[in-house]
């Protein structure tokens, strides 16, 4: 009876912590959106003045700034910070580490309470530690997919602006003002960098670095070649927009045809976990042998390794580059 109460308390605490984190992140998103709208209104009314502090790039501060500075000095840390920035989350490395550690502790306690074994606590803790990283990775993938979907609209807008006689930098500002995230803010950053004195080539290279997509690289290369050799930029961007739309259409068709294989991988990964949970309720003593006996722990480790290898194998089979 005491174990059941402990499990219930851990579940309630975990649920409350996750719900509180969600409410906190939602409030921050609303505050950022409100600040963006107020900035747009001030800019339209001519209230905003040039400020040198706005030219300085500021990284998101976390609860452990010393750790952030130390990791940022390494090449791997800088790449991971760029990875976090590409996901669109205002989260530092230290904040991500502490969040992963908190989730690992909560998931490890729940898993250990259910299985009654320290091995289960360690395994579920490692899984919980990886959950925030997986969530941020998924947000990064979804953000890039949304960018690819609306990128042809940005190319069309630049083409129409150039035909109307506007400068290329003015077309970048139009995209930043007219299009939603993530396309609008990324092009607005490019316009700000170019407007504050950075050469156009460097500003576009920074865009390709922030959004490492093949379509963006095509765009940057085409603009730089046209800038050096001349030519009809509007016609180039129209052709590029058509190519991007066709690639996006083909990619969606490929995802439809490979949906069965991807769903098979998800089911094969989830089935042993759900089966283990179901058997722990039906026959706890039988499942407990897997965590208590040495041979059972070896079988669990082998099963996890083989499941991971099988999942990666299926993903590589259904992964088709377009």
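Taking residue 256 as the residue in question, decide whether it is out of contact with any helix residue (DSSP H, G or I) (no Cβ under 6 Å at 6 or more places or on another chain), in contact (Cβ under 8 Å) with a residue 24 or more places away in the chain and within 25 Å of residue 216 (Cα to Cα).
no
Quick one: residue 114 ticks every box in (1) at pLDDT below 75; (2) within 27 Å of the chain's Cα centre (by Cα); (3) part of a helix (DSSP H, G or I); (4) over 26 Å from residue 179 (Cα atoms) except a single one, so which number is it?
Evaluating residue 114 over (1) at pLDDT below 75; (2) within 27 Å of the chain's Cα centre (by Cα); (3) part of a helix (DSSP H, G or I); (4) over 26 Å from residue 179 (Cα atoms) leaves (2) as the failure.
For segment 210-220, which positions are assigned to a helix (DSSP H, G or I) and more than 22 Å from residue 164 (Cα to Cα)?
Within segment 210-220, 210, 214, 215, 216, 217, 218 meet the criteria.
Considering segment 171-184 alone, what residues qualify as being in a helix (DSSP H, G or I) and surrounded by fewer than 16 Cβ atoms within 10 Å (Cβ to Cβ)?
Across segment 171-184, the qualifying residues are 177, 178.
Take segment 186-203 and flag every residue that is surrounded by fewer than 16 Cβ atoms within 10 Å (Cβ to Cβ) and assigned to a helix (DSSP H, G or I).
Matches in segment 186-203: 195, 201, 202.
Might you let me know whether segment 249-265 holds any residue that is surrounded by 13 or more Cβ atoms within 10 Å (Cβ to Cβ), within 30 Å of residue 142 (Cα to Cα) and at pLDDT 85 or above?
Taking every residue of segment 249-265 in turn, none turns out to be surrounded by 13 or more Cβ atoms within 10 Å (Cβ to Cβ), within 30 Å of residue 142 (Cα to Cα) and at pLDDT 85 or above.
Let's see how each residue does on (1) over 23 Å from residue 83 (Cβ atoms); (2) in a helix (DSSP H, G or I); (3) touching a strand residue (DSSP E or B) at 6+ places or on another chain (Cβ under 9 Å); (4) at pLDDT below 90:
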residue	(1), (2), (3), (4)
205	no, yes, no, no
208	no, yes, no, no
222	yes, yes, no, no
227	yes, yes, no, yes
235	yes, yes, no, no
244	yes, yes, no, yes
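One line per residue, one yes/no per condition, for (1) touching a helix residue (DSSP H, G or I) at 6+ places or on another chain (Cβ under 8 Å); (2) in the same structural domain as residue 157 (by TED's automatic domain parsing):
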{"site": "207", "(1), (2)": "yes, yes"}
{"site": "216", "(1), (2)": "yes, yes"}
{"site": "219", "(1), (2)": "yes, yes"}
{"site": "230", "(1), (2)": "no, yes"}
{"site": "233", "(1), (2)": "yes, yes"}
{"site": "237", "(1), (2)": "yes, yes"}
{"site": "262", "(1), (2)": "yes, no"}
{"site": "285", "(1), (2)": "no, no"}
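Filter segment 150-185 for residues that are farther than 17 Å from residue 241 by Cβ, within 22 Å of the chain's Cα centre (by Cα) and touching a residue at least 24 places away in the same chain (Cβ under 8 Å) and give the result.
180, 181, 182
The values are calculated or read from the model by the stated rules, or taken from the named source; none is laboratory data. Values in this document were obtained by computation on a predicted structure and should not be read as measured data. Here the Cβ is made from the backbone with ideal geometry for all residues, glycine too, and neighbour counts use every protein chain on show.
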